[in-house]
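A.B. asks: Before anything else, here's the structure in question.
The values are calculated or read from the model by the stated rules, or taken from the named source; none is laboratory data. Values in this document were obtained by computation on a predicted structure and should not be read as measured data. Note: ideal-geometry Cβ built from the backbone for every residue, glycine included; neighbour counts use all protein chains shown.
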Amino acid sequence: MSIDARSPRALAARLLSLLDLTSLGEDDTSAQIEALCRSAVAAPRLPAAVCVYPEHITTARRCLQGTEVKVATVVNFPDGGSDPTRVERETRRALAAGADEIDLVLPYRALLDGDAACARTVVRSCRAACTDDVPLKLILETGVLGTPELIRAACAIGLEEGVDFLKTSTGKVPVNATVQAAAVILDAIAAAGGRCGFKAAGGIRTLADAVTYLDLAEARLGVGWSDPAHFRIGASALFGELATIASAKA
């Protein structure tokens, strides 16, 4: 069904509730993060989370206090470092600072080099550092992995190690989210029973872009599967359009 056959206002509101409003700039300041959080709280529908670098966790948590918006952060980002000790330490520090959710980068270079065991060890270390109520999103960096075979291998590591979401990209490489990679990930999630969630991130800027991924997920996993516990969009550029459309008078 096309967007035109559905209510853009309703779609935008729904997608806002599935959004990880993200600011991962190297030069982000506390003032910028405060402004981001104010925008989240003022939106016509609260986003699922605000995602920031670890040094901004306390700022985001203070600004979002009293709301249902989660504070997400990243570890071994964006390089996908393969030191499990580093990953575990970063994760524990982030949780101690107040993070609600962790986005981990799969050591994709290790997987490209044929060392799946190294990549798995890092994921296992991060999963062990997260308590059961802390969602762990695994960033596969599908644009670098490239082939369906490698993307499936990355999915298998995440699914077998019990991550809560499989995520396309960091948004920091030339090729980020693609429909083709998303289809491979969603097929893997469906084959594993649909418990794991999916997050599309990187280059998603319009309502039409976001609806493409939403429809792709629900075609494989059923209408209604895409709630905040199973489906996220990671974006910053998308937020303004969704908020404007969702606020429009019917």
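A.B. asks: If you scan region 60-107, which residues turn out to be of a type in the set (Asp, Glu), within 16 Å of Leu24 (Cα to Cα) and under 15 Å from the mean Cα position of the chain (by Cα)?
C.D. replies: Listed by number, the residues that qualify are Glu101, Asp103.
A.B. asks: Return the pairs, sorted by first residue and then second, in which the second residue is in a helix (DSSP H, G or I) and at pLDDT 95 or above, the first residue lies in region 18-40 and is among the acidic types (Asp, Glu), the beta carbons are less than 6 Å apart, and the residues are 6+ apart or on different chains.
C.D. replies: Glu34/Cys63
A.B. asks: Could you tell me which of the residues Ala200, Ala229, Ala208 is over 17 Å from the mean Cα position of the chain (by Cα) and touching a residue at least 12 places away in the same chain (Cβ under 8 Å)?
C.D. replies: On inspection, the qualifying residue turns out to be Ala208.
A.B. asks: Also: Check Glu34 against each of (1) surrounded by fewer than 17 Cβ atoms within 10 Å (Cβ to Cβ); (2) in a loop (DSSP other than H, G, I, E, B) and name the one condition it does not meet.
C.D. replies: (2)
A.B. asks: Here's a follow-up. Say whether the condition of being among the β-branched types (Val, Ile, Thr), assigned to a loop (DSSP other than H, G, I, E, B), surrounded by fewer than 21 Cβ atoms within 10 Å (Cβ to Cβ) and within 17 Å of the chain's Cα centre (by Cα) is met by at least one residue in region 161-170.
C.D. replies: Looking for residues that are among the β-branched types (Val, Ile, Thr), assigned to a loop (DSSP other than H, G, I, E, B), surrounded by fewer than 21 Cβ atoms within 10 Å (Cβ to Cβ) and within 17 Å of the chain's Cα centre (by Cα), one finds none in region 161-170, hence no.
A.B. asks: How many of the residues in region 222-240 are in a helix (DSSP H, G or I) and surrounded by fewer than 19 Cβ atoms within 10 Å (Cβ to Cβ)?
C.D. replies: 2
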